[in-house]
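Take a look at the structure below.
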Amino acid sequence: MNISLETIVSLAKRRGFVFQSSEIYGGLNGCWDYGPLGVELLNNIKREWWQSMTFREDIEGIDAAILMHPKVWEASGHVANFTDPMVDCKECKARFRADQLEDAMCGNPAYKGRKAIKCQEEGKFTEPRQFNLMFKTFIGPVEEDAAIVYLRPETAQGIFVNFLNVLNSSRQKIPFGIAQIGKAFRNEINTKNFLFRTREFEQMEMQYFVRPGDDMKWFEYWKEERLKWFIELGLKKEKLRFSPHPEDKLAHYAKAAVDIEYEFPFGWGEIEGIHNRTNFDLTQHTNYSGKALDYFDDEINEKYIPYIIETSAGASRSFMTFLIDAYHEEEVRGEKRVVLRLHQKLAPIKVGIFPLVNRDGMPEIARKITEDLRRDFRVFYDDKGAVGRRYRRQDEVGTPYCITVDSQTLQDQTVTIRERDSMEQIRIDMNKIREFLKEKLD
Ligand code: ATP
C-alpha cells in the first residue's frame, strides 16, 4: 500500500502522537514534541529495546550525561571530522548539503518545485564548506573558549569512557556489552522527512566489547539479532534490508559497517547502523586521557584493547518507521477504516472500554471494568458517539482490544471483546476479562 508521509504526519498530529516543537510560535525546524499517545509508543519502543539488551546476562545498561568533557570529542574525531559539506545559494540564501543535492528542492518560493541541482548548474551556489554538526554551548558564566562544551552528537562516547567503570563494577568478562538510550543533537544542515532527520533525537546504542580476532563473528551475530528485533516487533520483512557500506566508504574508525534500511514512502533509509569499530575508540581515549583502557583476558593470559561492535539505532527514527509500517487503510462496509496494526507490545493504549449506551447501568459496569483493568494495562474509557465510531477511533491509534458492555451484560455478566485486525468479536464472562487480556497481551 502506498501511503504518503503527509498522511502519517497528519494522523500523528490529529491523534496526539507528534506535534511540531513550539508550534504556537511557528515551530522550530528539526525539533518535534511527542504527545500523549506518542510518548507511550516511544516509551514502549525504548522499553522493548532496553529489555532485549539488558535482560541478557552479558549486557549492562548506563545513562551518561549529555554534556561531556570537551576532550572526548577531540579524541573521538568529532571536532575534526564530524562535518558535512555545505553550500549556500547566493540568490535565495538557502543552505544545502552538497552531497545530498539530488533530492533537494530550491528554497526560493518564486521557483516553486524546482530542483536545487538546477540552481547549482546555473552557478548560484557557493563553493562547499565543511560545517561541523555539533551544537556548542558554554559551561559556567564566562563565554570563553576554555568553557566550550558540546551537546553530544551520539550516545556512544558515554559508553566508551565508562568502559573501565562498568567492567570493574559489574564483574563482566569479555565478550560483554554496554547499552544506553538517550538524546543526541546534530545541527543538521537540512532537516527533512518528519522524524527521519531532526536536530534533536534519541538513540538506542549498544557497544559490545570483544576479543580481537572474534570481531567479525560478533559483527555477523549482532547484524542478524538487530534485524530480528525489528521483525519480531512487527515490521514487514520485505520492507527491510541490509545495506553494507562499501570498503572505500567506511568511516575512519570502521573495519566493517552495515545499515538496516527500511523502505519509506520517500525511498530506502537507514534505521540502524551496525559497525565494527575495531579498537579505535578505546585506543583514542587511552591516548587522550592517559588512562589505559585495556583488558586482561585470563582465558588466554593476554592483555589487549578490546574491539567494539556497535549497534546504533534511532529511537525517534524507529518510532516513525513503526508508525508508517503499521498504517493501513481498508474499506469496511463501504466506509474507509484506518487501522494502525502496531504490535500489541508497542500499542499506546491496550484496551478501549465502552458502554453501548449511556443508560440502564451500562456506564457504571464499564467504568468498573476500566478501573479494574487500569492497574495492569493502559486503558481508555469512551462513552461518546456511536459505538462504531468509538471502534474506529481506537483502530486508528492501534488499540488491540475493545470491550463493550451491552444489554446482554445486564442479564448474563458477559461482554464483547473485539480484536483490532480481524474485527472479530467474542463474548466472555466479565470475570475472565483480565485473564483473557493477560494471556493475549503478555
Ligand atoms: P546519516 O548518514 O543518515 O546522517 P549516520 O550514518 O550519521 O546517519 P549514525 O551516526 O550511524 O547515523 O546514527 C545512528 C542512528 O541514529 C541512525 O541509524 C538513525 O536511526 C539515528 N539518527 C542519526 N541521525 C539522526 C537524525 N538527524 N535524526 C534522527 N535520527 C538520527
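So here's what we get for this one:
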item: Computed over the chain, Cα set: Rg, Dmax in Å; result: 25.5, 80
item: Kirkwood-type radius of segment 349-441, with distances r between different C-alpha atoms, in Å; result: 12.9 Å
item: Carbon/sulfur fraction of accessible area - segment 349-441, other protein chains in place, 1.4 Å, %; result: 47 percent
item: Net +/- balance of residues flanking L101 in space, Cβ distance below 11 Å, scoring K and R +1, D and E -1; result: -1
item: Acute angle (nearest 10 degrees) that the helix 5-14 long axis makes with the longest principal axis of the chain, alpha-carbon atoms; result: 60 degrees
item: Sum of -39500 (n - 2.57) over DSSP H runs of 4+, divided by residues of the chain (222 nm, nearest 500); result: -9000 deg cm²/dmol
item: Of all DSSP beta bridges in segment 349-441, antiparallel share, percent nearest 5; result: 55 percent
item: Rounded to the nearest 20 debye, dipole of segment 349-441 from Cβ charges on Lys, Arg, Asp, Glu; result: 300 debye
item: Per residue solvent-accessible surface (Å²) - the chain, probe of 1.4 Å; result: 49 Å²
item: For V405, distant residues with modelled amide H under 5 Å away; result: F354, L356
item: Note, ³J(HN,Hα) from phi for segment 61-66, Karplus 6.51, -1.76, 1.60, rounded to Hz, x at Gly and Pro; result: x, 9, 9, 8, 5, 5
item: For segment 72-89, 3J(HN,Hα) per residue [Karplus equation, 6.51 cos²θ - 1.76 cosθ + 1.60, θ = phi - 60°, Hz, x = Gly/Pro]; result: 3, 7, 6, 4, 6, x, 5, 4, 8, 10, 7, 10, 10, x, 10, 10, 10, 8
item: Gain upon complete extension [L5, V332; 0.36 nm per residue less C-alpha separation]; result: 115.4 nm
item: For peptides 269-282, 329-342, sequence by mean Cβ density within 10 Å, most packed first; result: 269-282, 329-342
item: Modelled label reach - E91, point 7 Å along Cα→Cβ, segment 113-129 residues with backbone N closer than 13 Å; result: 113-126
item: In range of the label at K303: residues from segment 276-293 whose backbone nitrogen is under 16 Å from the point 7 Å along Cα→Cβ; result: 283, 286-287, 290-293
item: Segment 1-36 and segment 85-137: distance between their alpha carbon centers, rounded to Å; result: 25 Å
item: Potential lengthening between T83 and K136 on full extension [0.36 nm per residue; Cα-Cα distance subtracted]; result: 17.7 nm
item: DSSP beta bridges in the chain [antiparallel fraction, %, rounded to 5]; result: 85 percent
item: Peptide ranges 96-109, 16-29 listed from the most packed, as the mean C-beta count within 10 angstrom indicates; result: 96-109, 16-29
item: Using a Förster distance of 30 Å, the FRET efficiency for K239-D442 (Cβ separation, nearest 0.05); result: 0.65
item: Long-range HN-HN contacts of M105 with modeled amide H, under 5 Å; result: A116
item: Amide proton proximity set for M68, modelled H, under 5 Å, gap of 5+; result: Y150
item: Packing rank of 119-126, 236-243, 351-358, where each peptide gets the mean count of other beta carbons within 10 Å, highest leading; result: 351-358, 119-126, 236-243
item: Using θ = phi - 60° and Karplus 6.51 cos²θ - 1.76 cosθ + 1.60, couplings along segment 241-255 (whole Hz; Gly, Pro as x); result: 7, 8, 10, x, 7, x, 4, 6, 10, 5, 5, 4, 9, 9, 9
item: Crossing angle, helix 215-232 versus the chain [Cα axis fit, 0-90 degrees, rounded to tens]; result: 20 degrees
item: Linear extension gain, K368 paired with Y111, 0.36 nm per residue minus alpha-carbon span; result: 86.5 nm
item: Unsatisfied cross-links (Cα-Cα over 22 Å) in the set K350/K440; K192/K228; K118/K249; K183/K255; K93/K192; result: K192/K228; K118/K249; K183/K255
item: Principal-axis tilt of helix 36-54 within the chain, Cα atoms, nearest 10 degrees; result: 60 degrees
item: Cβ-placed point charges (K, R +1; D, E -1), dipole of segment 150-247 about Cα centre in debye, nearest 20; result: 200 debye
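The values are calculated or read from the model by the stated rules, or taken from the named source; none is laboratory data. Here the structure is a predicted model, which means the values were calculated and not measured. Cβ coordinates were reconstructed from backbone atoms using ideal geometry, including for glycine residues, and neighbour counts include every protein chain displayed. Heads up: the accessible areas ignore ligands, DNA and RNA and are worked out on the full protein's heavy atoms, side chains in. Shrake-Rupley method; radii C 1.70, N 1.55, O 1.52, S 1.80 Å.
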